[in-house]
Structures are given as C-alpha cells and as structure tokens.
Amino acid sequence: MESQVINLAGREFRKKTKGAVEVPVACISRQGDAILSSVLRSAERKAAARPIFLQWPRLQQSALKFCEILSDRYPGAVGSLVDEAIQHAIERFVEVYETSRRSTDSMVAFLESLALSADVAMEYSAVGFDESGNRRIWPPFEEPIGSWARRLGLQKVRFVRVPPAEPDVRVGNRFLLCSRIMTAKDIGRVSELPSGALDIRALGRQ
C-alpha cells in the first residue's frame with residue numbers, strides 16, 4: 001500500500017489523487033470522548049447506547065479508543081467512518097441481544113462490528129503533508145491519526161483510495177485495530193466467533 005502512494009512523483013501523485021478527501025490537521029480531533037459524544041448526539045442514538053454502555057463499560061472504552069484512533073474525519077462508506085461504525089455496532093448489539101440466550105453474545109457482536117470496520121478504513125491510505133510538501137503515510141492503527149500528524153508537524157492529511165487488500169492483510173488489519181481498542185480477553189472472544197472475523201481461513205472461503 002505504501003509504495004503505491006509514496007513512489008509517485010509530485011505531479012503524478014496530485015493527478016492520481018485528484019478529488020481525494022483532504023483535511024487540515026488542525027481540524028482532526030484527538031479527543032476520543034468528544035468524538036464519541038458527537039457521534040451519540042442524536043437523542044435516538046444516545047438512548048440506544050446508554051443501556052449498552054451501562055451494562056458493558058468496556059464497550060464504551062472500546063468505542064472511545066476507536067474514535068480516538070481514527071478521528072471524526074476518516075472517511076467511511078458515505079460519511080464519517082466512526083459515525084457509521086458506532087451506529088452499526090449499536091445495531092448489531094440490539095439485534096443479537098433480542099435473539100441470543102447468552103448475555104455476552106451481544107457484547108461480542110458489538111466488538112466484532114468495530115473489528116470489521118478495519119476493512120472500510122483500509123480502503124484508504126492516509127497521506128500526511130508537511131509545510132514543504134513532503135509526504136508521510138499513517139501506519140494503520142499504530143497510533144491515533146491526529147496525534148501522529150501533530151507529532152510529525154504535518155499540515156494536512158489526504159485520504160487516498162487504494163486497491164482492496166488481500167485476505168490475509170484484511171484479517172491482519174482487523175487484529176491490529178482490535179489490539180488498540182480491546183482487551184486481550186475481548187479479542188479472544190471475537191476470534192472464537194463462527195463468523196470468522198479474525199480467521200483467515202474463514203475469510204478465504206467467503
């Protein structure tokens with residue numbers, strides 16, 4: 001992924017990435033709690049999330065870390081990825097809660113939904129620019145994108161579309177995201193799911 005972006009010369013890079021979403025670093029929030037609060041701003045979504053987070057405080061922590069890692073500016077399928085991902089995770093929790101016998105099933109469904117959002121995130125490469133125009137690639141999920149950009153003195157970040165990743169890379173990216181936002185026990189629970197979200201063999205059969 002990195003070579004596809006970095007090795008392009010300046011003019012060629014601008015041509016290839018014309019129309020890509022570009023965000024000033026000053027507009028990228030590093031505050032996961034503030035981003036999560038914004039995501040849950042609507043009365044309906046806040047009402048749905050409140051009992052979930054009261055029952056499972058770890059889910060709130062995972063959601064908060066997820067928001068901090070990606071910020072509210074990372075693009076998703078339509079709008080903000082964190083907005084879409086948190087909404088879908090809440091929907092998955094409610095769906096499983098209404099049909100499952102085990103209390104943990106809905107909790108794990110919430111976490112799995114966040115893990116799968118790594119696939120959407122990796123449809124883009126986040127390319128940062130300093131004031132001299134030098135480019136740097138955000139190493140996915142290693143640190144919050146806002147903290148990374150400020151630490152390197154970058155001025156803006158461009159989200160560039162990249163080709164779909166191979167199955168093993170997709171699963172690896174899911175693991176990377178999980179390692180940043182979940183406890184070891186929760187990662188183990190997600191890895192045991194029959195859906196195979198963290199199983200390369202299952203992904204290969206899809």
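List of remarks:
- Taking 18 Å as the cut-off, the amide N atoms of the range 161-193 that come nearer than this to a point 7 Å along the Cα-to-beta-carbon line of Ala20 belong to 161-165.
- Lysine pairs in the chain with Cα atoms under 20 Å, if 8 or more residues apart or on separate chains: 5
- Euclidean distance of C-alpha centroids, the range 26-56 and the range 127-206, integer Å: 21
- Choice from Ser147, Ser179, Ser132 showing the highest fluctuation, given a GNM over the chain with Cα pairs closer than 10 Å: Ser132
- Residue of Arg50, Arg102, Arg30 that the Gaussian network model of the chain assigns the largest fluctuation, springs spanning Cα pairs under 10 Å: Arg102
- Under a model in which nothing but the beta-carbon of Lys, Arg (+1) and Asp, Glu (-1) is charged, the chain shows a dipole of about 400 debye around its Cα centre.
- Rounded to 10°, Cα long-axis angle of helix 57-70 versus longest principal axis of the chain: 10
- With every protein chain in place, the chain: carbon and sulfur % of accessible area (1.4 Å): 49
- Residues Ala34 and Asp199, FRET efficiency given R0 of 35 Å [Cβ-Cβ distance, rounded to 0.05]: 0.50
- Exposure ranking of Thr104, Thr183, Thr17, Thr99 by accessible area [1.4 Å probe, largest first]: Thr99, Thr183, Thr104, Thr17
- Phe175 accessible area, assembled protein chains, probe 1.4 Å, Å²: 80
- Potential lengthening of the chain between Thr104 and Ala184 amounts to 27.3 nm, from the contour at 0.36 nm per residue minus the alpha-carbon distance.
- Relative to the longest principal axis of the Cα atoms of the chain, the long axis of helix 43-55 makes an angle of roughly 60 degrees.
- Per-residue SASA remark: Lys65, around 80 Å² accessible (1.4 Å probe; ligands, DNA and RNA not included).
- Estimated 222 nm signal from helices in the chain, with DSSP H stretches of n ≥ 4 weighted -39500 (n - 2.57), rounded to 500: -17500 deg cm²/dmol
- Only one residue of Ala63, Tyr97, Gly32 has its Cα farthest out toward the positive end of the dipole of the range 18-168, where Lys and Arg carry +1 and Asp and Glu -1 on Cβ, and that residue is Gly32.
- Contact order normalised by residue count of the chain, Cα under 8 Å, 6+ apart, percent: 24
- Extension gain, Ala77-Gln155: 0.36 nm per intervening residue step, less the Cα-Cα distance, totals 25.6 nm.
The values are calculated or read from the model by the stated rules, or taken from the named source; none is laboratory data. Since this is a predicted model, take the numbers as computed values, not measurements. Reconstructed Cβ throughout: ideal geometry from the backbone, glycine too, with neighbour counts over all protein chains shown. The area values use the complete protein model at the heavy-atom level, side chains included, leaving out ligands, DNA and RNA. Shrake-Rupley method; radii C 1.70, N 1.55, O 1.52, S 1.80 Å.
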